[in-house]
Amino acid sequence: MTLPGAPLGTRPPQAEPSPLAGSGARLWGRLRRLTSVGAALGALWLAGLLTFAAHIPRAPEEETAATDAIVVLTGGSERLEAGFDLLAAGRARKLFISGVYRGVDVRALLRMSQATPAALECCVVLGYSADDTVGNAAETARWMQAEGFHSLRLVTANYHMPRSLVEFRHALPDARIVPHAVQPPNVRLDGWWHWRGTAGLIVSEYDKYLVAFLRHALGL
């Protein structure tokens, strides 16, 4: 229908779209995309966490071949006992304990583990410069190079082993590393999600593992 007084063949003026309506639609679209991306990343993180927990070693690898060294990362008496037992069994020529508090000596550690000082004291070396897993790997790499060693048996807690292997394989790319995982008595891996302490520990360790893996993968 032509309005009175309007030229023939013309249409009545249309209402201009509101700029606010357009910006609201764009904002809503962005929020939907961000929500989708967040949900996908969350699903990937959860799948990775479940895979990580499932692959935490329940027992040491049954590799009896000797290595040049045994390396224990401090953090629990079970680790020290395992390291001294391996040394007494002749699995390596020397035992290196990384991350020891200054002022602690070999005899004190042997007493803690109830090992016999006279039998093992000669073959135990302590490292005092490491404060974390990255430091453990760097400190061990320097000691291994000074000793001319090319293989080691790595002793640490089972939940800590995946991240330790990432750091040690980066610091010692040419060394043969045999993991020897120790099971702490207070870490319950079966049905771990039911235990608040174990669940928190595994989630925290998984996040640290991701950071370590991505840092080396991206060359940061």
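The values are calculated or read from the model by the stated rules, or taken from the named source; none is laboratory data. All values derive from a computational prediction rather than experimental measurement. Neighbour counts run over all protein chains shown; Cβ positions are idealised from the backbone, glycine included. Ligands, DNA and RNA are stripped out before the accessible areas are found, and what is left, the full protein with its side chains, is counted by its heavy atoms. Shrake-Rupley method; radii C 1.70, N 1.55, O 1.52, S 1.80 Å.
Details
- The one condition in (1) assigned to a helix (DSSP H, G or I); (2) in contact with a strand residue (DSSP E or B) (Cβ under 9 Å, 6 or more places away or on another chain); (3) more than 30 Å from W192 (Cβ to Cβ); (4) polar (S, T, N, Q) that S129 fails to fulfil: (1)
Condition check ((1) within 17 Å of N136 (Cα to Cα); (2) in a strand (DSSP E or B); (3) modelled with pLDDT of 95 or more) across all residues:
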| site | (1), (2), (3) |
| --- | --- |
| F149 | yes, no, yes |
| V155 | yes, yes, yes |
| Y159 | yes, no, yes |
| V166 | yes, no, yes |
| V178 | yes, yes, yes |
| P184 | no, no, no |
| V203 | no, no, yes |
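- Residue in segment 105-119 that is open to solvent by less than 20 Å² (accessible area, probe 1.4 Å), modelled with pLDDT of 90 or more and either in contact with a helix residue (DSSP H, G or I) (Cβ under 7 Å, 6 or more places away or on another chain) or assigned to a strand (DSSP E or B) (or both) present: no
- Within this structure, R153 passes the test of being over 13 Å from the mean Cα position of the chain (by Cα), basic (K, R) and crowded, with 16+ Cβ neighbours inside 10 Å.
- Residue count, segment 57-83 (criterion: buried (at least 17 other Cβ atoms within 10 Å of the Cβ) and either of a type in the set (S, T, N, Q) or free of Cβ contacts under 8 Å to residues at least 40 places away in the same chain (or both)): 4
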